[in-house]
Amino acid sequence: MDNTQQLFIIGNPRSGTSLLRIMMNSHSSMVMPPECGFIQWWFKKYGNWSSKSNLSGFISDLQTSKKIETWQLDFDALYFFLEQCVSKSYEELMFNVVAFYGFSKQQKMNPAVLGDKNNYYIEHLELLIRIAPKSKFLIILRDPRDVYCSYKGIQELNSKSTYAPILSQDLQSFTRDWYYNQSEILKFLSKLDKKQFKVINYEDLVLKSKTVLVSVCDFLKVSFEEKMLHYYKTNDEPIALLEWKKKTLQPLDPNSIGRYRKLLSPTEVMKIEEDTFGIYRQLKQVII
């Protein structure tokens, strides 16, 4: 793992983090599995991991991680894989699990980038950098007016899935939570070396896809691959999560931008702009 980069994709819910994850995972040298927050969950118990730690106990615990079942892993094979890797630290252990996903599901050998995507990691950014001090962060930022439209769309699904995201439809709660999330991200980025993070616009990713993906690949020091633009052909998003991620099965849709003009009232738009645009502009200034 000495030459492998660790990457975290961070962003507010409904901002394109899943889309970006799938694009990254479509690259032959990147492994970015579906969301499962085991990297954060097991730190308290296994944070002092060494090559002599109890691998069987860890595997048993890992199987209880929420959403890990959607990966459909062969845990006996994972045990053998981790046994051969001989992880010397918690960081190595966690990203070796990620590496196994790429190896077992996509036959990816010696990937250049191993990553993780979870929206709720916004609450645990300091822990992530503690676990993986040299990791990189890819932040995706979307117009909060369209994010709120997407929140409302989740409500209209009326999903019965136990995995369905729980997102407040109350406008004041939305702007408060969105502002808080961006504040946490901005505060965290101010502590990082500028070489450790990159902020991109969802809108740019949709409208100038190749340009943005080339810049992301440059950031990660890997070559751009055209297959990243055809992510929907190799989409590995679990079926259990596709109900609210169906658009990741399709090519990019410019109509996903500016939907608020048709779906939100002038009062709603004004409220969102008043409560969020200050920090929205600050984050946009970080985009390189």
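The values are calculated or read from the model by the stated rules, or taken from the named source; none is laboratory data. Being a predicted model, the structure only gives us computed values, none of them experimental. No Cβ is skipped: glycine too gets one built from the backbone with ideal geometry, and neighbour counts run over all protein chains shown. For the accessible areas, the whole protein counts, side chains as well, though only heavy atoms, and no ligand, DNA or RNA atoms are used. Shrake-Rupley method; radii C 1.70, N 1.55, O 1.52, S 1.80 Å.
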Total residues in region 171-180, condition open to solvent by 30 Å² or more (accessible area, probe 1.4 Å) and within 20 Å of the chain's Cα centre (by Cα): 3
Somewhere in region 195-218, is a residue open to solvent by less than 40 Å² (accessible area, probe 1.4 Å) and farther than 21 Å from Ile22 by Cβ? yes
Here are some conditions: (1) touching a strand residue (DSSP E or B) at 6+ places or on another chain (Cβ under 7 Å); (2) farther than 17 Å from Val31 by Cβ. Val113 meets all but one. Which one does it not meet? (2)
Within region 127-156, the residues that are over 19 Å from the mean Cα position of the chain (by Cα) and surrounded by fewer than 13 Cβ atoms within 10 Å (Cβ to Cβ) are Gln155, Glu156
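Kindly state which helices (runs of 4 or more DSSP H) lie completely within region 1-57 and contain at least 2 residues that are within 10 Å of the chain's Cα centre (by Cα). Even if it seems obvious, please write down each step before you answer.
On the way: elements: 17-25, 38-41, 43-46.
Fully inside region 1-57 and qualifying: 17-25.
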Which of the numbered conditions does Leu82 fail, given that it passes all the others? Conditions: (1) more than 20 Å from the chain's Cα centre (by Cα); (2) open to solvent by 10 Å² or more (accessible area, probe 1.4 Å). (2)
Note on Ser60: of the conditions (1) within 30 Å of Leu249 (Cβ to Cβ); (2) surrounded by fewer than 17 Cβ atoms within 10 Å (Cβ to Cβ), unmet is (1)
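Just for region 157-170: of the residues that are within 22 Å of Glu123 (Cβ to Cβ) and of a type outside the set (Phe, Trp, Tyr), which one is nearest to the chain's Cα centre (by Cα)?
As a first pass, look at region 157-170 and keep what is within 22 Å of Glu123 (Cβ to Cβ): 162-170.
Cutting the leftovers down to of a type outside the set (Phe, Trp, Tyr) gives us 162, 164-170.
Numbers: Thr162: 20, Ala164: 16, Pro165: 14, Ile166: 17, Leu167: 17, Ser168: 20, Gln169: 22, Asp170: 25 Å.
So, considering only residues that are within 22 Å of Glu123 (Cβ to Cβ) and of a type outside the set (Phe, Trp, Tyr), the one nearest to the chain's Cα centre (by Cα) is Pro165.
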Regarding region 86-93, can at least one residue be identified that is touching a Gly at 6+ places or on another chain (Cβ under 6 Å) and open to solvent by less than 50 Å² (accessible area, probe 1.4 Å)? yes
Taking the condition within 17 Å of Arg142 (Cα to Cα), in contact (Cβ under 8 Å) with a residue 40 or more places away in the chain and assigned to a helix (DSSP H, G or I), does Glu243 pass? no
Looking at (1) under 15 Å from Asn96 (Cα atoms); (2) touching a helix residue (DSSP H, G or I) at 6+ places or on another chain (Cβ under 8 Å), which is the one condition that is false for Ser50? (2)
Selected residue (criterion: surrounded by the fewest Cβ atoms within 10 Å (Cβ to Cβ)) from residues of region 253-288 that are at pLDDT 95 or above and not in a helix (DSSP H, G or I): Ser265
If you go through region 102-126, how many residues are in contact with a Phe, Trp or Tyr (Cβ under 6 Å, 6 or more places away or on another chain) and crowded, with 20+ Cβ neighbours inside 10 Å? 2
Qualifying positions in region 203-230 - in contact with a helix residue (DSSP H, G or I) (Cβ under 8 Å, 6 or more places away or on another chain) and among the aromatic types (Phe, Trp, Tyr): Phe224
Out of everything in region 122-160 that is farther than 26 Å from Ser87 by Cβ and among the aliphatic types (A, V, I, L, M), what residue ends up being modelled with the lowest pLDDT? Leu157
Scanning region 145-195 for residues that are among the hydroxyl-bearing types (Ser, Thr, Tyr) and assigned to a loop (DSSP other than H, G, I, E, B), the one nearest to Leu283 (Cα to Cα) turns out to be Ser190
Between a residue in region 9-20 that is more than 15 Å from Arg145 (Cα to Cα) and open to solvent by less than 10 Å² (accessible area, probe 1.4 Å) and any residue that is among the aliphatic types (A, V, I, L, M) and assigned to a loop (DSSP other than H, G, I, E, B), which pairs come within a Cβ distance under 8 Å, given they are 6 or more apart or on different chains? Ile9/Met32
Extreme residue, farthest from Gly102 (Cα to Cα), among residues of region 58-79 that are aromatic (Phe, Trp, Tyr) and over 23 Å from the mean Cα position of the chain (by Cα): Phe58
